[in-house]
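The values are calculated or read from the model by the stated rules, or taken from the named source; none is laboratory data. Only a predicted model underlies this, so the values are computations on that prediction, with no experimental measurement involved. Note: ideal-geometry Cβ built from the backbone for every residue, glycine included; neighbour counts use all protein chains shown. Ligands, DNA and RNA are excluded from the accessible area calculation, which covers all protein heavy atoms including side chains. Shrake-Rupley method; radii C 1.70, N 1.55, O 1.52, S 1.80 Å.
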Amino acid sequence: QGVAWEEPLEEEGCVFVEHEAEPWQTQNAVGMEEWKSWFDASGRLKSYDKLRNRAYYGGLAPLVRREAWKFLLGCYPSDSTRKERDALTAAKAKEYESYRVQWQSITSTQEARFGKFRDRRHRIEKDVVRTDRAHPMFSGDESEGLKRLHRILLSYSFYNFDLAYCQGMSDLAAPLLIVMEDEVEAFWCFQMLMDQMEPNFHKDQNGMHTQLQTLRNICQELEPELFQYLEERDCSNLYFCFRWLLIAFKREFSLPDVLRVWEALWSRWRGPNLHLIMAAAILRKHRDTIISQDMSFDGVLKFVNELSGQLDHLEVLKAADTLAQEANRVPSIYAHAAASPSGKS
């Protein structure tokens with residue numbers, strides 16, 4: 001019988017053990033009453049495994065996400081007390097302020113001689129005004145939400161000088177700000193998420209190429225008919241899936257559905273490569289259409305892009321859950337796996 005992954009994973013003092021394969025079980029979202037019952041008198045989470053299981057199968061109610069996501073993203077150690085988390089939050093506020101002060105203190109004279117700063121600020125400003133503008137937090141041209149998002153991304157570029165800012169990061173940061181409703185906490189979560197997803201944005205694109213190669217392995221093993229078709233048409237590189245992986249399906253689902261998908265990925269209940277399995281599951285669902293319409297690379301790319309907003313996120317998760325268990329019976333599939341939005345590999 002298949003297992004969720006081949007070897008236990010360790011992070012923040014926790015050991016993620018193997019889970020036997022089981023059928024998908026749709027559950028209700030974790031509400032505030034249930035969430036509160038998971039903590040002891042000191043505010044320590046009794047079972048991180050339960051959080052992961054419930055985040056995967058049921059998701060989290062909006063009021064629960066603000067705290068639960070900080071566990072799933074690794075901001076909070078899973079065995080931390082309430083007092084320890086309060087201290088961490090206070091320390092993170094000071095750290096964030098130190099990054100903000102660095103760029104806010106740059107004078108106009110300095111800026112005139114600081115081309116890299118001007119460039120990154122321009123790119124951030126250009127992307128921020130195009131990000132999630134339909135959401136009330138970002139709807140006004142002078143909205144506080146846009147200003148906060150701008151500050152978070154510019155501050156991150158001073159935290160991570162080497163990476164700075166790349167297109168797509170605003171797509172990842174905006175939902176975090178919506179859920180956290182706090183600039184410091186959103187920055188913290190973005191910081192942790194980017195620790196996992198940074199390879200996606202490296203200039204050499206090795207991180208993306210590695211993930212696409214792993215997705216290629218999955219398709220070759222589990223969808224050989226589709227893989228052979230794509231190979232014959234010289235599009236087995238699967239570049240048409242690039243956007244899906246780069247920003248974790250952010251533009252493929254409505255915002256509420258994206259939040260649900262992300263917490264399933266971050267739970268790592270089916271391992272750290274569920275985003276790749278999701279991509280393969282979507283291709284499997286549309287295999288017959290792609291083949292019967294004799295699509296070329298451009299045809300597949302157009303078809304895939306037009307799936308945006310048309311996918312049922314729960315159907316995709318359920319199909320991915322089944323496919324994940326098939327993949328676990330072929331250990332060599334993940335030979336090229338890299339760090340991902342599901343967690344560090």
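At least 3 residues being open to solvent by 20 Å² or more (accessible area, probe 1.4 Å) and not charged (D, E, K, R) is the threshold, and among the helices (runs of 4 or more DSSP H) wholly inside the stretch 182-236 those reaching it are 206-222. With respect to (1) part of a helix (DSSP H, G or I); (2) farther than 21 Å from Trp69 by Cα; (3) open to solvent by 10 Å² or more (accessible area, probe 1.4 Å), the lone exception for Gly309 is condition (1).
For every residue, the table says whether it meets (1) of a type outside the set (A, V, I, L, M); (2) in a helix (DSSP H, G or I); (3) surrounded by fewer than 18 Cβ atoms within 10 Å (Cβ to Cβ).
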| residue | (1), (2), (3) |
| --- | --- |
| Arg251 | yes, no, yes |
| Trp262 | yes, yes, no |
| Trp269 | yes, no, no |
| Asp288 | yes, yes, yes |
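The rows are residues; the columns are (1) within 24 Å of Leu177 (Cα to Cα); (2) in contact (Cβ under 8 Å) with a residue 60 or more places away in the chain; (3) among the aliphatic types (A, V, I, L, M).
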| position | (1), (2), (3) |
| --- | --- |
| Lys250 | yes, yes, no |
| Ala280 | no, yes, yes |
| Arg287 | no, yes, no |
| Phe297 | no, yes, no |
| Asp312 | no, no, no |
| Ser332 | no, yes, no |
| Ala335 | no, yes, yes |
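On the stretch given as the stretch 128-147, residues that are closer than 18 Å to Arg251 by Cβ and open to solvent by 90 Å² or more (accessible area, probe 1.4 Å) total 2.
Screening Ser37 on (1) under 23 Å from the mean Cα position of the chain (by Cα); (2) farther than 30 Å from Pro331 by Cβ shows it passes everything except condition (1). In summary, Asp234 fulfils each of the numbered conditions (1) under 19 Å from the mean Cα position of the chain (by Cα); (2) modelled with pLDDT under 95 with the single exception of condition (1).
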